[in-house]
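Reading through the structure tokens given below for one structure.
Here, each number is a calculation from the coordinates, and none is a lab measurement. On a predicted model such as this, the values are computed, not experimentally measured, just so you know. Positions of Cβ are backbone-derived with ideal geometry, glycine not excepted, and every protein chain shown enters the neighbour counts.
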Number of protein chains: 2
Amino acid sequence: MNLAQALFSPKAVALIGASGDAAKNTARPQRYLKKHGYAGKVFPVNPVRKEVLGEKAWPRVTDLPEKIDHAYILIEDVEQALEDCGKAGVAVASIFSGGFADVGAEGVKRQARLLERARVLGVRLLGPNSMGVIDVPGKLTLSVNAVLEMPALPAGSTSIVSQSGTMLGTLLSRGAARGLGFAKLISVGNEADIGVGELVELLAVDAATRVILLFLETVRDPARLAAAARAAHAAGKPIVAYKLGRSALGEAAARSHTGALAGSDAALDAFFQDCGIVRVDMLETLLEIPPLLIGRKPMSLKRPGRVSAVTTTGGGAATVVDRLGLRGVELSAPIMDLTMAGSNATYAAALEKCLQSDCDAVLAAVGSSAQFHPEVAVEPIVNAQAEKPIVTFFTPQADRSLALAAAAGIAAFRTPEACADALAAFFAWRAPRRQEEGELDIGGLQGFDLFTRLGVPVADWAIAEAPDYRHSISYPVAVKRLEAHKTDRGGVLLGIQDQQDLQKKAATLDAKRVLVQRMESGLAETLVGYRDDPVVGPIVVVGAGGVLAEVYRDAEVRMAPVSEGEAEEMIARVKGFAAIRGYRNLPRGDVAALAKAVAAVSRLALAKGRPVLEAEINPLLVKASGVVALDALVAFRGAA
Amino acid sequence: MNLAQALFSPKAVALIGASGDAAKNTARPQRYLKKHGYAGKVFPVNPVRKEVLGEKAWPRVTDLPEKIDHAYILIEDVEQALEDCGKAGVAVASIFSGGFADVGAEGVKRQARLLERARVLGVRLLGPNSMGVIDVPGKLTLSVNAVLEMPALPAGSTSIVSQSGTMLGTLLSRGAARGLGFAKLISVGNEADIGVGELVELLAVDAATRVILLFLETVRDPARLAAAARAAHAAGKPIVAYKLGRSALGEAAARSHTGALAGSDAALDAFFQDCGIVRVDMLETLLEIPPLLIGRKPMSLKRPGRVSAVTTTGGGAATVVDRLGLRGVELSAPIMDLTMAGSNATYAAALEKCLQSDCDAVLAAVGSSAQFHPEVAVEPIVNAQAEKPIVTFFTPQADRSLALAAAAGIAAFRTPEACADALAAFFAWRAPRRQEEGELDIGGLQGFDLFTRLGVPVADWAIAEAPDYRHSISYPVAVKRLEAHKTDRGGVLLGIQDQQDLQKKAATLDAKRVLVQRMESGLAETLVGYRDDPVVGPIVVVGAGGVLAEVYRDAEVRMAPVSEGEAEEMIARVKGFAAIRGYRNLPRGDVAALAKAVAAVSRLALAKGRPVLEAEINPLLVKASGVVALDALVAFRGAA
């Protein structure tokens, strides 16, 4: 029995710590398995009861009369339970109990010890702190999640991996209320062993799964998740992520909740895009977007997405369109507004006209008829036979119409904002990027020498020493104290005209050795950076330089390395570069040279052993022809 | 019978053009009035039928046996119907028919003629293009809106004025599904006569109304709406606006839908804040926010709002908190996370602790128990006796709990985004601003002279003429061609050192008369502007100067005039001014002098007859001490 079978289709499960008190959380899995028709065998394990909820109970897993595929550990003494599972040959143990990496440094150590034992014992772990596993079509409800109080679970082809166990229930509950069904739902908890990446691997080859949703608070296994996402893409299964930590406040909340770094949001955006994961901004979008993605591939548009729209409510369609505008999506034609004039025939004809028009997707909005007369406008939508994606926004409370759309595989949205969010995310969706191979030898080079090796032009420089500060750089020059921090305005002398000027002024720097650089002038200051992000790994950044750009956080991030073409796409997205793109007839800067520099710096990701933690050229001066680095920093792994 | 009585509590209504075909839109008002129990008399008017839907019909309004308070015109020949209404002494006519300002220039003229006749005839108009009026407690359903197919309407104290008739139905439908009730709902259509402002006046004194919601696509009567909003504030009735047109795309959609300018979104923000209207960003927030506002006054905080939070789902609370962070709201303490440990007692105690803590509002999130066990966490919330606002986010599908919260007057949100939107809007809510009185005499002054009169320091300047270009300004100077456009980089000579230098270089400008200005240097370039906005009236703008700031749209807008204190608040909100606020130890600029200049320019709003359409100082140079205007433009009303 492989991992997927043990996790999702166990023939026998043990509930270690199953409570005889039906009101307790730890009594739930047994109740739920029975209630939802699990066909395998369930063995309650409880040292003090002979019977639990009407079933024979066993003191320990080692006492059970059959081989257990999947045990759910519900007690505090997880360690003892794991030892027993090992002895009994249990394939996988899901752990509900917390008190591990979720509770601080001591817990982290406890978790590490637990994982070590699990490896020795040959038991795979889900959790700790996991609300368990649900397989709707397979009728496995090995979970404490109270959502399973629902009388019946809706089956479908959407699977979910969630770092929040309760939010797994939220999605299932909300989906059920409107006819959206699910395949497998997994609460990963602390991910001591089985993580999001490995689960995505399993779902990528799961016949019941057509789309994979991720509710994330962090990314603990970026490399494995990225590889799994590529495999899912190859298998035609889109992945959608909702991730907490867009704001510093949310990042802190996620961290305290999971005990893990949430990571820089921009870096995570880059990561998701890199491996073809669709990122949605709003929670309900995660639930509502699957029909828009199932069976489709990324359009990877090089221009804004274009939508055409038909509606029975002008105001209703405008609420979506207003939001689309904020997200950079365009309308291919004015909204076809059938307010108070909609009939089945007129709506169907208008919808067909939209579908035939030069657009990438069609927005079909419906007003009050969605509540009382689905035959007017909802029917033409659900009956449309179209390759082109249709998304619907029903303005009233329209549960029946939402269910009709779900049954027809049409993406239907409860709010205009989620509708626009989904369209924007769909258009932003990219196929996973091909990963550059190769290895870069950076020798032991540091500072300017390293950037020169990478191929980034650096302003002519030399080190000059007191008392005469002689050097070979042609005047005029800039002089900097070597230890001066780049953001500190002291310690820098500009426009030194000759040797005499230099000797006079260098004394004021109070430094024996100074950096002498040729003065350069250009059209714009930019920042080019590289970072081995602690969450997602190597990223490259390009942004406008200077204080204002820093204040506006105007920079573009991608996973490193990037090609020159990709660097050009990044540059095109930095607003402040308008000034070197010909805005208001300002002189154009050498964007190609800037792209070349960005690509060059990004190749630090290929350096053997990835020794560079962080590197930054600030400023990199963009000239009418060429670029030149004026200041740079490099930080190495393991350096103090 | 006054206007409010005729509109909302007519003793007799006429339905002009009532259809005998029950399937037609124009048959609806008669059906709906009967269905929802209207107690007054209903007279169908139809020239070709003796009977309509079982009621005696009359050929014309003038034939009716009784005085009609409120007629609903459902036919195309609105003009004839209006004449009849006039003859019959009808107090108010609502007009469903379109074909007026909603369809272009000819329609605008037709509407103007209609209004003129209505005034002559003494008939007040609602519409054209109005879906009518609903008074839920009063059982008046004089509307074609299909939402009235609902078996029963929920009564409450929330009234709505909407420029979209269909969205009125949307709000009523969605509210009904979760126990949110309404008082009066009015579809204003084209607002030929009775507009949003007048309706807010009526609702401000309406005993059944405690909060007023506005669904807006434009603002047609800003002065009257502002005055009405002040009256509503004085009466303790909060007003909330959802307004389309945040994006250019939405603005265009709203314009094509209503035939009216949507207006600059930043100017509308300023307008709403000025008169104490709460603006929400998301559609569902409009529906969900009332319990948070009813009975409360603006906190008018000078610091970020602070929230404390309790939850039975860590992930669920984090979805709200993440969003709060994006909106500048803070947490006063870490989230109290009772995941899987919540009981009625623990939740109640934690909630009480939150309420007692140093925060402005409490977020109470509830997971799956909200769906199946409201007694766990929802009950403590709805039973809490607290002055301090509590908002709730129930993560699962939880209709019963939403209704419990509604009944208890607790604001409950279906999505984390709307929950955060409501809290952010609540904290941003300000009491209406006191309006400055007084009148400013600007004589016939123009250009720099006008700004000097206002009290804004202007760089010493003179006009110099060819051939010798003599002047009295001390060197160094800048020289500009008089007709040079400020954004055109040609036509400006900087750093002219002496008379000889000037004569030599001025020749290159190819101009007989040039502007000579003393060279000035400072710490930052800023833009200070004034505009008589076509939608909301006089506004003042301050922003960072230069190309980058223009690209980033980093400017703050307020209704003019503003005091120096208010100008300082504006300046504090411009991100790019970080550079003169001491960011990274950069030298501080004279923010007080900048504020003085902003206030001075804003006083153009007080000029007799408001002759100035637009005025802009760009740049206004901020120095370590003082400010100085280097370039300025003024455009007058009626100028070519």
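A few points about this structure:
- Rounded FRET efficiency, nearest 0.05, which uses the C-beta distance separating B:A386 from B:K505 and R0 of 56 Å: 0.15
- Residues A:L527, B:L115 arranged by fewest to most Cβ contacts within 10 Å: B:L115, A:L527
- With contacts taken as Cα pairs under 8 Å at a separation of at least 6 residues, segment A:333-378 carries a relative contact order of 41 percent.
- What the Cβ-Cβ distance of A:E375 and B:R119 gives, at R0 = 35 Å and to the nearest 0.05, is a FRET efficiency of 0.20.
- Measuring against 32 Å, Cα to Cα, the residue pairs A:K388/B:K35; B:K35/B:K87; A:K243/A:K297 contain A:K388/B:K35 as the ones spanning a longer distance.
- Ranked by how many other Cβ atoms sit within 10 Å of their own Cβ, fewest first, the residues B:R178, B:R430 fall in the order B:R430, B:R178.
- FRET efficiency estimate (nearest 0.05) - Cβ-Cβ, A:S563 to B:L482, R0 51 angstrom: 0.50
- Approximating the spin labels as points 7 Å out from Cα along Cα→Cβ, the B:R453-to-A:A23 distance works out to 8.1 nm.
- 7 Å along Cα→Cβ, label-point gaps from B:K512 to other copies, nm, shortest first: 7.1
- Label sites at B:Y475 and B:N585, each approximated as a point 7 angstrom past Cα along Cα to Cβ, lie 3.8 nm apart.
- Inter-part distance where segment A:28-50 and segment A:136-162 are each reduced to a Cα centre, Å: 16 Å
- Rounded if a/c under 1.5, otherwise prolate or oblate - the protein assembly as shown, Cα gyration tensor axes: oblate
- Per-residue ellipticity at 222 nm, computed for chain A from helices alone with -39500 (n - 2.57) per DSSP H run of at least four residues, works out to -9500 deg cm²/dmol.
- Taking every alpha-carbon pair under 8 Å whose residues sit at least 6 apart, chain B reaches a relative contact order of 8 percent.
- Dipole magnitude of chain B, debye to nearest 20 (Cβ charges: Lys/Arg +1, Asp/Glu -1, about Cα centre): 660 debye
- Under 12 Å, Cβ to Cβ, from A:A506 - net charge with Lys/Arg +1 and Asp/Glu -1: +3
- At full extension, A:R303 and A:A466 could sit 53.0 nm farther apart than now, given 0.36 nm per residue minus the alpha carbon distance.
- Among beta bridges identified by DSSP and lying wholly in the protein assembly as shown, the antiparallel ones come to about 50 percent.
- Classified by the C-alpha gyration tensor, segment B:155-255 has an oblate form. Its axis ratio a/c, with a ≥ b ≥ c, is 1.5 or above, and a/b does not exceed b/c.
- Among the GluC sites (Glu not before Pro) found in segment B:373-422, those both in a DSSP coil and sparsely packed, with 11 or fewer other Cβ atoms within 10 Å of their Cβ, are B:E387.
- Rounded, prolate or oblate (a/c below 1.5 giving rounded, otherwise prolate when a/b exceeds b/c) for chain A by Cα gyration tensor: oblate
- With the charge dipole of the protein assembly as shown set up from +1 on Lys and Arg Cβ and -1 on Asp and Glu Cβ about the Cα centre, the Cα lying farthest toward the positive end among the listed residues B:A71, B:A223, A:A27 is that of A:A27.
- Taken residue by residue and averaged, Cβ atoms of other chains lying within 10 Å of the Cβ of A:540-552 number 4.
- Average beta carbon contacts from partner chains per residue of A:142-152, 10 Å cutoff: 3
- Under the criterion of Cα pairs below 8 Å and six or more residues apart, the relative contact order for segment A:366-521 equals 17 percent.
- Listed residue (A:V161, A:L515, A:A560) projecting farthest to the positive dipole end of chain A, Cβ model: A:V161
- Segment A:183-231, dipole about Cα centre (Lys/Arg Cβ +1, Asp/Glu Cβ -1), debye to the nearest 20: 200 debye
- Shortest-first nm distances, A:G122 label point to equivalent points in other copies (7 Å, Cα→Cβ): 10.0
- Packing-based exposure ordering (other Cβ within 10 Å, fewest first) of A:L126, B:L287, A:L454: A:L454, B:L287, A:L126
- Taking 0.36 nm per residue of separation and subtracting the current Cα-Cα distance, fully stretching the chain between B:A235 and B:E437 would add 70.4 nm.
- Here the label points at A:E66 and A:S521, each 7 Å from Cα along the C-beta direction, are separated by 8.5 nm in the simple model.
- Shortest-first distances to equivalent copies, position A:G295, nm, label 7 Å out along Cβ: 5.2
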